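Engineer: Below you'll find the structure I mean.
The values are calculated or read from the model by the stated rules, or taken from the named source; none is laboratory data. Keep in mind the model is a prediction, meaning the values are calculated, not measured. Positions of Cβ are backbone-derived with ideal geometry, glycine not excepted, and every protein chain shown enters the neighbour counts.
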Amino acid sequence: MTVSRIFDLIDFNNLVERFKQAKGFTTDKQVATLLGLSQQDFASRKQRGTILAPIIDHALSSDINLHWLITGVGSPTINSLIDNQTETQELMIIITEAVNTKLKDMRLKLAWKYRNKMIIGLCDYFLQHFQEEKKINNAISIEDYMRTHRSEIEASISASAHMSQ
């Protein structure tokens, strides 16, 4: 599955509704205010599919479960007893940082939409790969996995960045 195909599968209206649910909000205006956006900018970003970045940025700094936010599966909040959701969140943070660093090193500027497509696609791919490897080696942590697969991740980022230009 390509990165753009994965990104196309995200229903941004449902993502925003889940975000409102997690924050206890009932209106888009409340979300826009929280994110520091005007209602018009928020509505425009939601329609264009570029609202993901500010919502993810806020979710990363709160207790919102990214796996649930994107897929609707699991619990709305991070629960340390639910390893898969915690690992998904950790993986997304690590890959987001790796993408930002690699794009900076490559001196590439991608539109948020393409950057987010890349992050989601890479997270999906490497989470599946991590879960397969964890079945074989149950003791492996997400940090150990990412450390041993760093060059593969960087190569994937480079390839995805060149395809997005």
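Engineer: Given the criteria assigned to a helix (DSSP H, G or I) and either over 15 Å from the mean Cα position of the chain (by Cα) or free of Cβ contacts under 8 Å to residues at least 60 places away in the same chain (or both), does residue 55 qualify?
Structural biologist: yes
Engineer: Another question about this same structure. So residue 37 clears everything in (1) part of a loop (DSSP other than H, G, I, E, B); (2) touching a residue at least 12 places away in the same chain (Cβ under 8 Å); (3) closer than 29 Å to residue 163 by Cβ except one condition, right? Which one?
Structural biologist: (3)
Engineer: Something else: Is it the case that some residue within the stretch 51-59 is in the same structural domain as residue 25 (by TED's automatic domain parsing), closer than 23 Å to residue 32 by Cβ and in contact with a Lys or Arg (Cβ under 7 Å, 6 or more places away or on another chain)?
Structural biologist: Yes: the stretch 51-59 contains one or more residues that are in the same structural domain as residue 25 (by TED's automatic domain parsing), closer than 23 Å to residue 32 by Cβ and in contact with a Lys or Arg (Cβ under 7 Å, 6 or more places away or on another chain).
Engineer: Let me ask something else. Among residues belonging to the stretch 12-33 that are of a type in the set (A, V, I, L, M, F, W, C) and under 19 Å from the mean Cα position of the chain (by Cα), point out the one that is nearest to residue 72 (Cα to Cα).
Structural biologist: 15
Engineer: Right, something else. Listed residues 84, 79, 100, 65; which is modelled with pLDDT under 85 and more than 16 Å from the chain's Cα centre (by Cα)?
Structural biologist: Within the list 84, 79, 100, 65, the selection yields 79.
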